[in-house]
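Only the coordinates and a few stated rules stand behind these numbers; no lab work does. Note that the structure is a prediction, hence the values are computed from the model and not measured. Methodologically, a virtual Cβ is constructed for each residue, glycine included, from the backbone with ideal geometry; neighbour enumeration extends over all protein chains shown.
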Amino acid sequence: MAEDKFPGWHGTTIIGVRRGGEVVVAGDGQVSLGQTVIKGTARKVRRLSPGGRDVVCGFAGSTADAFTLLERLEKKLEAAPGQLARACVDLAKDWRMDKYLRNLEAMLIVTDGADLFVITGAGDVLEPEHDIAAIGSGGNFALAAARGLMHTDLPAEEIARKAMAIAADICVYTNGNLTVERIAK
C-alpha cells in the first residue's frame, strides 16, 4: 500500500527455512495500524490441503488480499495436484494480469516440504538461495539472522525461531507471538 494512503497498515515477518528434509514456516502475530498495535496474535501461517496434499503458506500484507490469494492458490493446486511450481506460476500470472488481483497487496511464502517459493504481485515466483525465504517488514532482519545460523547444526525450526526473535527485537512491526508450521518432503 502506498505510504500516503490511510490507514497505513504495516508489518509482519514471515520466514521459511529448509533443512534436514523439512521446511519450517514461521510468522509473527502483530497487526499494526499506523503506530498502534491492534492485534498481537494474528495467524499468518496456514496449512492448505488441496486434494489431500499439504502445503504450508505464510503471508505478509493485507489479510483480506492474502486470503484471496490463498483461495486462488488452493484452486490452482487442485487443478495441478502435486505440482506446486506450476500452481505458483499460474497464480503469479493471474495476479499480474487480472484487473482485480493486480491491486492486491500481499506476498506469500509457499512450500510443500520439497520446494520453497516466494510469490509476489509483480509476477515473481522466486526460489530462494541458501534454503531461506523471508518476507514482510522484518523479513530482511530474519533473513540475515537465519543465514548466519545456517552454519550451525541447529534444526530448521530452531533457526526459524531464533531468526524471528532477532527480527522482533529490531522491527517495531514484528512481535514474538509465533505461528510455526513444519512440513516434510
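Can you give the calculated 222 nm mean residue ellipticity of the chain, where each DSSP H run of n ≥ 4 adds -39,500 (n - 2.57) and the sum is split over every residue, rounded to the nearest 500 deg cm²/dmol? Show your work: numbers first, answer last.
On the way: 4 runs with 57 residues, N = 185.
Roughly -10000 deg cm²/dmol at 222 nm, from the helical runs in the chain.
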Completion exercise
Shape descriptors of the chain over alpha-carbon atoms, Rg and Dmax in angstrom, are 15.5, 46
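Can you give the local net charge around Leu149? Use residues other than it whose beta-carbon is closer than 11 angstrom to its beta-carbon, Lys and Arg +1, Asp and Glu -1.
Once all neighbours under 11 Å are counted, the net charge is +2.
May I ask for the longest run of the chain untouched by GluC sites (Glu not before Pro) that are loop-located per DSSP and have at most 16 neighbouring C-beta atoms (other than their own) within 10 Å?
Details: sites that count: Glu3, Glu105.
In the chain, the maximal stretch lacking such sites is 4-104.
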Handout entry: For the chain: lysine pairs under 26 Å (alpha-carbon distance), excluding those fewer than 8 apart on one chain
Key = 17
Fill in the blank from the handout: Filtering trypsin sites (Lys or Arg not before Pro) in the range 3-95 by DSSP loop and by at most 16 other Cβ atoms within 10 Å leaves Lys5, Arg43, Arg53
Fill in the blank from the handout: With label points set 7 Å from each Cα along the Cα-to-Cβ direction at Ala64 and Met97, the distance between them in nm comes to 2.7 nm
Handout entry: Gain on full stretching of the segment that runs from Ser49 to Leu126 - 0.36 nm per residue minus C-alpha separation
Key = 25.5 nm
Problem - Separation of the Asp169 and Thr41 label points, Cα + 7 Å toward Cβ, nm - result: 2.6 nm
